[in-house]
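The values are calculated or read from the model by the stated rules, or taken from the named source; none is laboratory data. Bear in mind the structure is a predicted one, so any value in this text is a computation, not a measurement. Reconstructed Cβ throughout: ideal geometry from the backbone, glycine too, with neighbour counts over all protein chains shown. Accessible surface is based on the protein model in full, side chains and every heavy atom, while ligands, DNA and RNA are left aside. Shrake-Rupley method; radii C 1.70, N 1.55, O 1.52, S 1.80 Å.
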Amino acid sequence: MTAPDRTQTWVRALCWATVTLEGFDIVALSAALPTILDGGHVGMDKASATFVTTVSLVGIMVGAILVGPLSDRWGRRRCILASIALFSVFTLAVPLATNPETFGALRFVAGLGLGACMPAALTMMSEATPESQRARATTLTMTGYHVGAVLTALVALAVVPEWHLLFVIGGVAGLVILPLMWLKLPETNTVALARRGAGTTDTPAPRASEILRAPYRTASLATWAACFMGLLLVYGLNSWLPTIMREAGYEIAASLTLLLLLNLGGIAGLVLAGIVGDARGIRRSTLGWFAAAAVLLAVLSVHLPTVLLNGAVFLTGVFVFSAQVLVYAWITRYYPPHLRGTALGLASGVGRLGSIVGPAITGALVTADLAYPWGFYVFALVAVLAAVAIVVIPQRFERISTPVPTQEVPA
């Protein structure tokens, strides 16, 4: 294996590991909360649990927005290392909290690192991958999130009621992998590399406002809308699908099985979406993915026999979970290197607003006893709006040639 091949292999493996760590640590809170609430640990009640969950998501959103300009200015490698160190240390500190306020503050700071690591990792992956394979590279990297979530569930089953071990394991895992990342991750930001090679420190940092000026304005606003709708669907469905199906008259065991099928479909969809996106074009594939999601979500509003229902939910997962990831893949191809991290970070940050709004909308429908079938109607409409946003995106874009780095760069 040649040196460039070895470098690309390390980038793929470690970027996937980064997203896996994010998936584990984000879901760790959801897995720990039932035990924390049942035992009244750290004085937590339902209201404070809602506060902690919300501030954690806000931290993730802020981290995603901030990392873009930083990674464009200082490099992807430094941002990945810093974000993993940040969320690992503060995740380890969570069990030390003695009240909900401290718990929430620690989760907010950890969220900054969690929100930053995924956009930086996806940007690095895209820059270390030939342009013709970027959709596949992006979607395969994002399978790590679901693997991390599954690992969290398995660990939770093994360690409950010792809920604090979830945070200890997540924090230690991040700190253990950091030295390997320090040694093996290259810098893929050619602009940052050129700046360091020239010994310049006074080069102006990229401005986020650049992506809201021609020729990027329309594409930026459209991708923000698509990411918002996409994460609204993902988090809304994952948070409330079992409850909605219970209201529809299905048994609780069947409802939980549907949630599992939804996520299994998500993993399969991420693999399939990357292959189709590279073969047929990312923009066209994303449009088809959101359109298929809209149809399937509408179908779920109808009572179906068990076999058909299971198949429909699996297919819904195939299209819903990977549609928004295809938007990320498109961003990595559209924007030039000096704006790529900023564009992806902002799109991810705006999308995180959808992750907050989605469960809130669905929760309101559940409270009003309208979740079935209206929850699926709302989700179908959201998917349609995401498809409209993709239609607005310009069809023609400038192809950026990004060389694959062949040497590692010291911190």
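At a glance:
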| quantity | calculated |
| --- | --- |
| Contour excess over end-to-end distance, with Cα ends at Thr9 and Ser30 and 0.36 nm allotted per residue | 4.3 nm |
| Nonlocal amide H pairs with Leu185, under 5 Å, H built at 1.01 Å | none |
| Probe 1.4 Å, accessible area per residue of the chain, Å² | 40 Å² |
| For the range 286-407, diffusion coefficient by Stokes-Einstein and Kirkwood Rh (Cα), 10 °C, 1.306 mPa s, µm²/s | 97 µm²/s |
| Percent of Cα pairs exceeding the 19 Å cut-off, where the set is the range 315-375 | 50 percent |
| For the chain, calculated [θ]222 nm from helices alone, where every DSSP H run of n ≥ 4 adds -39500 (n - 2.57) | -28500 deg cm²/dmol |
| Within a Gaussian network of the chain (alpha carbon springs, distance under 10 Å), most fluctuating of Val11, Val42, Val234 | Val42 |
| The range 1-146: equivalent-ellipsoid semi-axes (sqrt of 5 x gyration tensor eigenvalues, Cα, Å) | 33, 15, 12 |
| Under Karplus coefficients 6.51, -1.76 and 1.60, residue-wise ³J(HN,Hα) of the range 352-362 in Hz, glycine/proline x | 5, 4, x, 5, 8, 5, x, x, 5, 4, 5 |
| Fraction of the pair-distance distribution of the range 1-86 above 19 Å, Cα-Cα pairs, percent | 56 percent |
| Per-residue HN-Hα couplings for the range 318-335 [Karplus 6.51, -1.76, 1.60; θ = phi - 60°; Hz; x = Gly/Pro] | 4, 8, 5, 5, 9, 4, 6, 5, 4, 4, 4, 4, 5, 4, 5, 8, 7, 8 |
| Derived scalar couplings ³J(HN,Hα) [the range 68-84; Karplus, 6.51 cos²θ - 1.76 cosθ + 1.60; whole Hz; x for Gly, Pro] | x, x, 5, 6, 5, 7, 9, x, 5, 4, 4, 5, 5, 4, 5, 5, 5 |
| Exposure of Thr2 as accessible area (Å², to 10), given a probe of 1.4 Å and all protein chains | 80 Å² |
| Option label - semi-axes √(5λ) of the Cα gyration tensor in Å computed here, alternatives (i) 33, 27, 18; (ii) 32, 25, 22; (iii) 36, 24, 20 | (i) |
| Segments 307-316, 383-392 sorted - mean Cβ within 10 Å per residue, highest first | 383-392, 307-316 |
| Largest-first ordering by accessible area, 1.4 Å probe, given options Lys46, Lys184 | Lys46, Lys184 |
| Carbon and sulfur %, accessible surface of the chain computed with the full protein complex present, 1.4 Å | 70 percent |
